[in-house]
Amino acid sequence: MNAFISYSIADHEQYMLTLLSQKIAELGITLVTSYDQSDYPNPDTTNDIQNSVLFIGLITREGGLSNMSRVYSEFQQAQLLKKPSILLVEDTAAINIPADSYYNTISFNRLNILQTIQDVQNRIRTSQLNPPPTSNAAAWVLGGLAALALLKLLSNEND
């Protein structure tokens with residue numbers, strides 16, 4: 001199984017992708033990402049999203065506006081394809097994505113990450129208790145641990 005990650009992060013945070021890949025490999029999931037970070041839609045990316053069981057989007061304040069827009073566009077594409085999707089958006093990122101625009105959009109503050117981690121844990125629990133899984137529930141069942149891992153890595157950035 002593949003999980004697709006689209007990200008807008010600082011260069012010095014790239015190591016998180018390797019750590020995340022190792023973490024979700026323990027669950028039998030391979031992390032796939034686009035190597036084409038341009039502003040234009042890439043047909044290979046669409047195919048990779050289509051062939052994944054989960055989409056994870058990550059937007060941080062240092063990711064660059066064009067990359068932020070690309071991540072959001074790919075998240076919307078995953079929604080259209082009815083893929084279980086999670087979008088993590090740092091509250092200081094220079095992009096306006098209403099937190100309530102999608103159920104699976106989480107805003108976080110890396111200086112106060114505990115509340116966000118509790119929110120993710122609650123969404124995982126709720127999703128596990130409410131079968132049959134909808135695409136929203138499946139996102140948290142499949143991707144909740146990945147979301148938690150990313151949030152913990154991001155909170156450690158400033159330690």
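The values are calculated or read from the model by the stated rules, or taken from the named source; none is laboratory data. From a predicted model like this one, the values you see are computed outputs, not experimental measurements. Every residue, glycine among them, receives a Cβ derived from its backbone with ideal geometry; neighbour counts consider all protein chains shown.
General remarks:
- Restricting segment 1-34 to residues that are part of a helix (DSSP H, G or I) and β-branched (Val, Ile, Thr), the residue that is nearest to ALA147 (Cα to Cα): ILE24
Matching residues to (1) touching a helix residue (DSSP H, G or I) at 6+ places or on another chain (Cβ under 8 Å); (2) modelled with pLDDT of 90 or more; (3) more than 21 Å from ALA138 (Cβ to Cβ):
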| position | (1), (2), (3) |
| --- | --- |
| ALA10 | no, no, yes |
| TYR15 | no, no, yes |
| SER34 | yes, no, yes |
| GLN37 | yes, no, yes |
| ASP48 | no, yes, no |
| GLY63 | yes, no, yes |
| VAL71 | no, yes, no |
| ILE97 | yes, no, yes |
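- Some residue of segment 82-89 being within 15 Å of LEU151 (Cα to Cα), without any contact (Cβ under 8 Å) to a residue 60 or more places away in the chain, surrounded by 21 or more Cβ atoms within 10 Å (Cβ to Cβ) and β-branched (Val, Ile, Thr): yes
- Inclusion of ILE86 among residues that are at pLDDT 90 or above, of a type in the set (A, V, I, L, M) and in contact with a strand residue (DSSP E or B) (Cβ under 8 Å, 6 or more places away or on another chain) is warranted.
- Flag if SER73 is out of contact with any Pro (no Cβ under 7 Å at 6 or more places or on another chain), of a type in the set (S, T, N, Q) and in a strand (DSSP E or B): no
- Single residue of segment 115-135 satisfying the filter (more than 15 Å from LEU88 (Cβ to Cβ) and not in a loop (DSSP other than H, G, I, E, B)) that is modelled with the lowest pLDDT: SER135
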